[in-house]
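Report on the structure given below.
The values are calculated or read from the model by the stated rules, or taken from the named source; none is laboratory data. Bear in mind the structure is a predicted one, so any value in this text is a computation, not a measurement. Cβ coordinates were reconstructed from backbone atoms using ideal geometry, including for glycine residues, and neighbour counts include every protein chain displayed.
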Amino acid sequence: MRSMPDPADADGLTVGQVATRLGVTVRALHHWDEIGLARPSLRTAAGYRLYTAGDLDRLHRIVVYREIGLGLDRIRAVLDDSAADVPGALRAQRALVAERIDRLQRLSAGLDRMIDAHERGLLLTDEQQAAIFGPQWNPDWPAEARRRYGDTAQWLRYAERSASRGPEEWQAIADANADLDRALGDAMDAGVTPGSPEANRLVERHREVFASYFPLTRQMQVCLGRRFEADPGFAAHYDGIRAGLATWFRRVIDASARAHGIDPDTATWQ
C-alpha cells in the first residue's frame with residue numbers, strides 16, 4: 001500500500017464516502033479489508049484509508065455478487081481466480097435461490113392456511129362438510145364457534161390442528177366420533193352403570209377422540225358433559241342416538257371425575 005503525505009493530495013475516497021456510495025456499512029468495509037477481500041490501495045500520512053477508482057470497481061463487483069447471495073469465499077474466487085467457473089457458480093447459486101423460493105412459497109401457503117384456520121375453523125367447502133359430517137351438519141357452526149371461542153387458548157390449538165388437515169383427516173375424525181357415539185348407545189342399552197370400568201373406559205375414549213380438536217382436561221370434560229345435557233343442540237344429538245343418552249353420558253363423565261378427585265358440581269373450564 002502506498003502512503004500519501006497529505007489527504008488533500010489523495011486521489012481516493014474515505015471509508016465513509018465509499019460506504020455511502022455503495023450502500024454498505026463501514027463495518028463491512030473494514031471486515032473486507034481485514035480478510036483481504038477488498039483493501040484500500042492508499043493510506044494518508046495520518047493513517048487514513050483511501051480507496052482508488054480501481055478499489056471502488058472491485059467493491060462494486062463484491063456488492064453485486066453479495067446481493068445475489070454468493071458467500072465471501074465464493075466472491076473471492078470469482079474475482080481472483082482466473083480459472084474460476086463463474087457461470088457454474090452462478091448456476092449453482094440460482095439453484096439455491098430456486099430452492100429458497102420454493103421453500104418460501106410453501107411457507108407462505110402454510111401461513112395462508114393458518115390464517116384461514118384461525119378465521120374459519122374448518123378449511124372445507126360446504127359440500128365437503130356435508131359429505132363428511134352428514135346432512136344434519138350446519139356449515140355455519142364453525143363460524144359460530146369462532147365468534148364464541150375465538151379468543152380462547154382452545155380455539156388456538158384447534159386452528160393449529162385444522163390448518164394441517166384435509167378431507168381425509170377430517171373423515172377419520174368424523175368416523176372416530178361416530179364409532180364413539182355407537183359405543184355409548186350400545187353401553188347404555190347394555191345397562192353399563194356410571195363409575196363401572198366399562199363406563200370409565202368410554203370416558204377415556206371420549207377424551208382421546210376429542211383431543212383431535214384440542215387437549216381436554218377432566219374438568220373441561222365435566223363442563224362438556226353438562227353442556228351435552230343442557231344444550232338443546234347437543235342433547236338432540238345424543239338423545240337422537242338413544243333416548244336419555246345425554247343425561248346418561250353426563251352421569252358417566254361425572255362419576256369418572258369423582259374417581260379422579262374432581263367434584264363435578266364445582267368443576268370449571270380449566
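Among 77, 84, which is the only one that is over 32 Å from the mean Cα position of the chain (by Cα), among the hydrophobic types (A, V, I, L, M, F, W, C) and not in a helix (DSSP H, G or I)? 84 is the lone residue from the list that is over 32 Å from the mean Cα position of the chain (by Cα), among the hydrophobic types (A, V, I, L, M, F, W, C) and not in a helix (DSSP H, G or I).
Table: residues versus (1) at pLDDT 90 or above; (2) farther than 22 Å from residue 174 by Cβ; (3) loosely packed, with under 10 Cβ neighbours inside 10 Å; (4) not assigned by TED's automatic domain parsing to the domain that holds residue 31.
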position: 80; (1), (2), (3), (4): yes, yes, no, no
position: 100; (1), (2), (3), (4): yes, yes, no, yes
position: 123; (1), (2), (3), (4): yes, no, no, yes
position: 138; (1), (2), (3), (4): no, no, no, yes
position: 141; (1), (2), (3), (4): no, no, no, yes
position: 149; (1), (2), (3), (4): no, no, no, yes
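Of the residues making up the range 185-213, those that are within 17 Å of residue 228 (Cβ to Cβ), at pLDDT 95 or above and in a loop (DSSP other than H, G, I, E, B) are 192, 194. Return yes or no: is residue 186 in contact (Cβ under 8 Å) with a residue 60 or more places away in the chain and not basic (Lys, Arg)? In short, no.
Would you confirm whether or not the range 130-143 contains a residue that is within 19 Å of residue 224 (Cα to Cα), within 20 Å of the chain's Cα centre (by Cα) and not polar (S, T, N, Q)? No, the range 130-143 has no match at all. When the range 125-136 is limited to residues that are of a type in the set (S, T, N, Q) and part of a loop (DSSP other than H, G, I, E, B), the one that is surrounded by the most Cβ atoms within 10 Å (Cβ to Cβ) turns out to be 125. In the range 28-48, the residue that is farthest from residue 61 (Cα to Cα) out of those that are assigned to a loop (DSSP other than H, G, I, E, B) and touching a Phe, Trp or Tyr at 6+ places or on another chain (Cβ under 9 Å) is 41.
Filtering the range 239-270 to residues that are aromatic (Phe, Trp, Tyr), at pLDDT below 95 and either farther than 28 Å from residue 137 by Cβ or in the same structural domain as residue 203 (by TED's automatic domain parsing) (or both) leaves nothing.
What number of residues in the range 102-121 are of a type in the set (A, V, I, L, M) and loosely packed, with under 11 Cβ neighbours inside 10 Å?
Let us first name the residues in the range 102-121 that are of a type in the set (A, V, I, L, M), namely 104, 107, 109, 111, 114-115, 117.
Next, from what is left, pick out any that are loosely packed, with under 11 Cβ neighbours inside 10 Å: 104, 107, 109.
Of the residues in that region, 3 qualify.
Among the residues of the range 234-257, those identified as surrounded by fewer than 19 Cβ atoms within 10 Å (Cβ to Cβ), in contact with a helix residue (DSSP H, G or I) (Cβ under 7 Å, 6 or more places away or on another chain) and charged (D, E, K, R) are 239, 242.
Restricting the range 196-233 to residues that are within 16 Å of residue 155 (Cβ to Cβ) and touching a His at 6+ places or on another chain (Cβ under 9 Å) leaves a set whose member that is surrounded by the most Cβ atoms within 10 Å (Cβ to Cβ) is 224.
Of all residues in the range 247-270, those satisfying the criterion of being within 17 Å of residue 230 (Cβ to Cβ) and not in a loop (DSSP other than H, G, I, E, B) are 247, 248, 249, 250, 251, 252, 253, 254, 257.
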